[in-house]
1. Residues in region 24-44, backbone N under 19 Å from the label point at Lys14 (7 Å along the Cα-to-beta-carbon vector): list them, ranges by number please.
2. Given R₀ = 30 Å, FRET efficiency for Asp27-Met1 by Cβ-Cβ distance, to 0.05?
3. Looking at Val308, Ile202, Gly93, which one has the Cα that reaches farthest to the positive end of the dipole of the chain (charges on Cβ: Lys, Arg +1; Asp, Glu -1)?
4. Return the percentage of antiparallel bridges among DSSP beta bridges fully within the chain, rounded to the nearest 5 %.
5. Quick one: putting +1 on the C-beta of Lys and Arg, -1 on the C-beta of Asp and Glu, what dipole do you get for region 1-126 around its Cα centre, in Debye to the nearest 20?
6. Order by neighbour count: Tyr106, Tyr186, Tyr117, fewest other Cβ atoms within 10 Å first, most last.
7. Give the calculated FRET efficiency between Lys181 and Asn251 to the nearest 0.05, with a Förster radius of 25 Å applied to their Cβ-Cβ distance.
8. Name the residue farthest towards the positive end of the dipole of region 1-164 from the options Thr110, Ser135, Gly21, assuming +1 on Cβ of Lys and Arg, -1 on Cβ of Asp and Glu, about the Cα centre.
Amino acid sequence: MNYKAIISNSIMQKGKLATAGSKMLEDFISPINANVVELLEAANVKIIGTGESDEFGISGLFGELTDVFADDGVVGAVASGKADVALCNDYTGSISYATASKALCYIHPTYGTVSRYGVIPAVSSIDQVGIICKSPEAGFDVLKIIAEYDAKDGVMSPEFSAAKNSSGEGNDIRTAEFEPKFAEVYTQIMQILCCAELSNNISRYDGVKFGYRAKDYNGLQELYVKTRTEAFGEDTKLAAILGTMVLSNENYSRFYDKAMRLRRQIMESLNFDTYDVVIGRGAESASLAVASRLCGLPSVTTHDCTYVANVGCESVLKVACIGGESA
């Protein structure tokens, strides 16, 4: 396969820098290859470099994305033609929306489809390697390569087969209107869950074992504080503070537990007992991208729509369109 690929700086490639966009890991050389790197190399997909992304992918949760649009960013590299595809972890849905602004496509696989081994963890219940591409055809070509069972990732199932996912080609398509519930709180639920899990995952960066270490400190506590103060960006610090707050004894039930309950209700509200695919445009497109992450569902975002799918469609493809059948 003659594709040229860029991988984000949160995906490890042996002997190369893997910084996750953070000063905390500015000198971290990966000791291993991520599983997706091994699979790409085995399929003769040329990895031409690493694409920049915002620190731990968090900025899309609070503000505008920046580094992904640069010439050496994961979106910019594909938009400019430097790479045919880029692999990254878009757990907030922000990068998929950014790809749409550049007339690109983002494929977000079902949670557990692609191994996360060798991907620097951010939000473990959502983390999933996705694909930025110029066309869905190229993206699905690459997905067929990287969607292989890996025993090193505990959420993957050996029974999974990418062939179970129907493309919908040749299906009889029936459409209907669909109005999603809870859409007004998708972002808040995403913020609570992402901050909680990110705060846990970045707790390993303490200046002791690896990564950046502050100088001129007195005692272990000051080492921790100075290292994290100097090495984390503002959005990551904010996420860590909010995550610690929502997981505290006094706030756990009010925020984190309630968010988890709403997450389950959001999944149920998408009515995949009735529909195979839900389609949204504009603001609904961004909202659906968030829903797919919260629910672990596969989605494809193009320049004008997001498609969130069920797995294993029958011969009749039942499509629900937010805002009416014309969508």
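Quick note: the coordinates plus some simple rules give every number you see, no bench work behind them. These figures come from a predicted structure and were not determined experimentally. Heads up, the Cβs are rebuilt from the backbone with ideal geometry, glycines too, and the neighbour counts pull from every protein chain shown.
1. Under cut-off, by backbone N: 28-44.
2. E between Asp27 and Met1, to the nearest 0.05, is 0.35.
3. Toward the positive end, the furthest listed residue is Ile202.
4. If we restrict to bridges inside the chain, about 50 percent are antiparallel.
5. 340 debye
6. Working: Tyr106 28, Tyr186 22, Tyr117 19.
Ordered from fewest to most neighbouring Cβ atoms within 10 Å, Tyr106, Tyr186, Tyr117 come out as Tyr117, Tyr186, Tyr106.
7. Result of the calculation: an efficiency of 0.50.
8. Going by the Cα projections, it comes out as Ser135.
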